[in-house]
Amino acid sequence: MEDNILDQSAPMRVLVTGGTGLVGRAIQHVVREERGIREGEEWIFLSSTDANLMDAGETREVFQKHQPTHVIHLAAMVGGLFKNMRANLGFWRNNIYINDNVLQAAHEVDAVRVVSCLSTCIFPDKTTYPNDETMIHNGPPHKSNFGYSYAKRMLDVYNRAYHDQERGRFYTAVIPTNVFGPHDNFNIKDGHVLPGLIHKAYIARKEGSPLVVWGSGTPRRQFIYSLDLARLFLWVLTEYKEVEPIILSEGKEEEVSIKEAAEAVVEVMRFKGQVTYDTTKADGQFKKTASNAKLRQYCPNFTFTPFKQGTFIHSTGNLRKTFWENSGECGLVFTVGLVLPSIALKETCDWFVANYDSARK
């Protein structure tokens, strides 16, 4: 049955919730510009204007309209540390509504495949490192974002329940680390740490003021570029055969402190002013180190876009040929002539500066 569900020769109508957000835009780019839309495929990228997914009726209506066979579920109420701390109840209730409505609507239209997006914040606060996929439910998450974390954990419960009790439902999830890239939310107050730092550096440079980093700078994070996550998302959609979720991340050795991330932003944004740390602001969880051992078992050759330092690789092929035509193996094979995209952080900063007026902030 699983082989039929993952049969790439069968027609696919893929509906992406949250299709105009950070990861949704990245998937659009990879599908249209790198991988290409294959024969028999149709892609629908939903935005919040298409349906209020917290409303069961609107969710059911948009799924009935498009009749997807496959779903990538990205839609969520999201925010950075300080927004979570202010609104844990809202994060819990709204995301539970969204997740329940989306998975039930997918079931009702006979979607055979749903891949949902979790987060490393779901892991227990008190744990041994690195976290892996077996540890999701081992204890309470950090108190700063427990509402969002528990709601995301419940997606794993939904997936297992649909798979166990409804024949032909193959639902799973991915667990990315901190995602960043073009089309992020650069809101200083409510956004995530890296886009917030980029926006602060932009303003500080323009105004000649100090760059104030909230917190001590000591917490550590793993980052993943949105385009890398998009490439891996499509591999999961068509190749990954487990109901159990999979962590999508660079290795634990690539973890950086917030101070190191701020210094990298300062360098890329060419900010020459003073950098200070406001230790009256909360640090949040110290670290959420995740293991990518399972990913590397499946995809030993996948090359992540470097966070800080550029890596130039020559190739005669292109990403579409080397990545998407390598059936059954998640890897990149390089020969002679093409250069990888420029470093991830620089691409993100450059995009924000070029699109400052229209960027979410």
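Every number in this text was worked out from the coordinates using simple rules, so none of it is lab data. Keep in mind the model is a prediction, meaning the values are calculated, not measured. FYI the Cβ positions are ideal-geometry reconstructions off the backbone, even for glycines, and counts take in every protein chain you see.
Just a few scattered comments:
- All Cα pairs of the chain, percent lying beyond 24 Å: 57
- Straight-line reach from LYS126: taking Cα to Cα under 17 Å and skipping same-chain neighbours fewer than 8 places apart, the lysines in range are LYS143, LYS287, LYS288.
- For the range 118-196, the spread of Cα positions along the three principal axes, ordered from largest to smallest, is 45, 31, 22 Å.
- Spin-label model distance (nm) - THR20 vs ARG60, 7 Å beyond Cα toward Cβ: 2.6
- C-alpha center-to-center spacing [the range 262-288, the range 26-45] in angstrom: 36
- Whichever lysines have a C-alpha closer than 28 Å to that of LYS272, once near sequence neighbours (fewer than 8 apart) are set aside: LYS189, LYS200, LYS206, LYS259, LYS281, LYS308, LYS346, LYS361
- Remark: C-alpha extents of the range 45-85 on the principal axes read 38, 20, 15 Å, sorted largest to smallest.
- Kirkwood hydrodynamic radius of the range 26-176, Cα pairs, Å: 16.5
- Computed from point charges on the beta carbon alone (+1 for Lys and Arg, -1 for Asp and Glu), the dipole magnitude for the chain about its Cα centre is near 1180 Debye.
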